[in-house]
Structures are given as structure tokens and as C-alpha cells.
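To keep things clear, I will list the structure first and then write my remarks on it.
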Amino acid sequence: MNRRSIYSLGSDSPISDEAIIEMINFAVKYTPSPFNCQSGRVVVLFGENHAKLWNIVKKTLKERIPADKFPATEKKVDESFASGHATVLFFEDRSIIKNLETSFPQYAENFPLWSEQSSAMLQYVVWVMLEDAGFGVSLQHYNPIIDVEVGKNWNIDPNWKLISQMPFGMPTAEPGEKQFEPLEKRIKIFR
Ligand SMILES: Cc1cc2nc3c(=O)[nH]c(=O)nc-3n(C[C@H](O)[C@H](O)[C@H](O)COP(=O)(O)O)c2cc1C
């Protein structure tokens, strides 16, 4: 498996946007969720919508970070995210989680955790499917500081909690070398 975080993206695509949408539909439909509640929600931004998201990120960061640090941040957003083909936004529908908390009070404190875990599975499925199709992908977390602007721009249901942003595009550089902890420290086998 070649999945890595890719921070150098071009805007070309190895497959059609229709094929991308089909892949994302498949992932959303079949990824498991607690009690099969299907709380995962996804918004896919192509073209101007993709560009708009990363402009929102830049504008929001500009208001928050020192002026002398902003050019490096802007370069990163432009070359690692905005330069890509599209972005997937992942949400969880809090109204579904709240209903589960009420209906199954004995598990109430687990549902928000399971909701995040289920979203993580969905994000991973989409990540590897995109990678398998030839895209470079990374996972970003500019929420919650962009939540209000995102909600306004794409008319997002207020129950949808933004979890992450996944920009993807044609990989234009190899990922850096990755360090691994010894597996003996992380896995125990009994047989
Ligand atoms: C839950 C989670 C949150 C992450 N958040 C970010 C993030 O906000 N920005 C980012 O650039 N990478 C993020 N990453 C990517 C990790 O930094 C990356 O997966 C890790 O360093 C291993 O590198 P690899 O993806 O190339 O294997 C996140 C990964 C996970 C699993």
C-alpha cells in the first residue's frame, strides 16, 4: 500500500470527476458506523468551490497569525492544498448522534467517540481509494476556525460538524522518508 500524506499537488486528475464522485458515493455507502447510524456526511468541492475553500483558510489564518509568518503559510496552502484538483470535506451529523444518546442512554458517552471513529474509517477509505486511483492526498484540520465561513458558503446544515478537509490532486513530488517505531513495541502476538 502506497498511501502517504502528499503535500505537493497539481490540478490534473487521472480519472474523471464522475469517477471520483462514484468512488466517494461507494465509500460513504459502505463504511461502517455505530448501530449502522450512517452519521457520516461529505461535501466534495471541485473547481471554483475548491479554490474558495482554500481562500477561506488563508483569510482566516491571516487574521490569526503574525504578519511575518503569513507568507510561508500562504505558500503552503497554495502549493500543498489549493493547487490540487479538489477537496473532500468530512462532517458528522450531530442530530443523529444526539438521537442515539437519547435512545440508548447506557451508551450515551460512547456515541460521540464512535462517531469520530466512524468518520476516521470513512476518511481512511476515501484516502486509500483516491491514492489507488493515482491521486496524492493529505488530511487537514482547519476546523473549527473555518466552520462558520464553510457553513455560510455551502449552506451546511448546522447539525453537520466539520471533522476534516482532504485536498487531493496529481502528486508532483515524492513524500519524505517516514520513520517507523519498531513493530515489536506495538504489536503482541499470542499463538
Ligand atoms: C487523525 C489524524 C489527523 C491528522 N491531521 C493532520 C493535519 O491536520 N495536517 C496534516 O498535514 N497532516 C495530518 N495528518 C497526517 C499525519 O501527519 C500523517 O499521516 C503522518 O505523519 C504519517 O505520514 P503519512 O501519512 O505520509 O504516512 C493527520 C493524520 C491523522 C491520522
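The values are calculated or read from the model by the stated rules, or taken from the named source; none is laboratory data. All values reported here derive from a predicted model rather than from experimental measurement. For neighbour counting, all protein chains shown are included, and Cβ atoms are generated from backbone atoms with ideal geometry for every residue, glycine included. Accessible surface areas use protein heavy atoms only, side chains included; no ligands, DNA or RNA. Shrake-Rupley method; radii C 1.70, N 1.55, O 1.52, S 1.80 Å.
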Practice problem: Taking the residues in the stretch 99-146 that are within 12 Å of the chain's Cα centre (by Cα) and of a type in the set (S, T, Y) as candidates, determine which candidate is farthest from the ligand (Cβ to nearest atom). | Solution: S119
Exercise. State whether one or more residues within the stretch 92-102 are charged (D, E, K, R), loosely packed, with under 14 Cβ neighbours inside 10 Å and not in a strand (DSSP E or B).
Key: no
Quiz item: In the stretch 1-14, which residues are within 15 Å of the chain's Cα centre (by Cα), buried (at least 16 other Cβ atoms within 10 Å of the Cβ) and not hydroxyl-bearing (S, T, Y)?
Solution: R4, I6
Practice problem: Output the residues belonging to the stretch 1-14 that are within 16 Å of the ligand (Cβ to nearest atom) and modelled with pLDDT of 95 or more. | Solution: R3, R4, S5, I6, Y7, S8, L9
Quiz item: Which is closer than 21 Å to F26 by Cα, of a type outside the set (K, R) and in contact (Cβ under 8 Å) with a residue 60 or more places away in the chain, of F104, F81, F90?
Solution: F90
Practice problem: Please tell me if R64 is closer than 28 Å to E174 by Cβ and either away from the ligand (no atom under 16 Å from the Cβ) or open to solvent by 50 Å² or more (accessible area, probe 1.4 Å) (or both). | Solution: no
Practice problem: Kindly indicate which of R4, R41, R64 is farther than 26 Å from N155 by Cβ and in contact (Cβ under 8 Å) with a residue 24 or more places away in the chain. | Solution: R4
Quiz item: Is the stretch 176-191 home to any residue that is part of a helix (DSSP H, G or I) and within 16 Å of the ligand (Cβ to nearest atom)?
Solution: yes
Quiz prompt | Matching residues, the stretch 168-180, being open to solvent by less than 100 Å² (accessible area, probe 1.4 Å) and not small (G, A, S) | solution = F168, M170, P171, T172, P175, K178
Practice problem: Could you check how many residues of the stretch 70-83 are farther than 11 Å from V57 by Cα, open to solvent by less than 60 Å² (accessible area, probe 1.4 Å) and away from the ligand (no atom under 13 Å from the Cβ)? | Solution: 2
Quiz item: Applying the selection to the stretch 117-163, what residues are closer than 19 Å to K52 by Cβ, in a loop (DSSP other than H, G, I, E, B) and among the hydrophobic types (A, V, I, L, M, F, W, C)?
Solution: I145, I146, W154, I156
Exercise. Search the stretch 139-157 for residues that are without any contact (Cβ under 8 Å) to a residue 24 or more places away in the chain and pair each with any residue that is more than 16 Å from the ligand (Cβ to nearest atom) when their beta-carbon atoms are under 9 Å apart and the residues are at least 6 apart or on different chains.
Key: D147/I156; G151/D157; G151/P158; G151/W160
Self-check item: Test: residue in the stretch 15-34 that is under 18 Å from the mean Cα position of the chain (by Cα), under 17 Å from I163 (Cα atoms) and within 16 Å of the ligand (Cβ to nearest atom)
Solution: yes
Quiz item: Residues in the stretch 39-52: is at least one touching a strand residue (DSSP E or B) at 6+ places or on another chain (Cβ under 7 Å) and within 14 Å of the ligand (Cβ to nearest atom)?
Solution: no
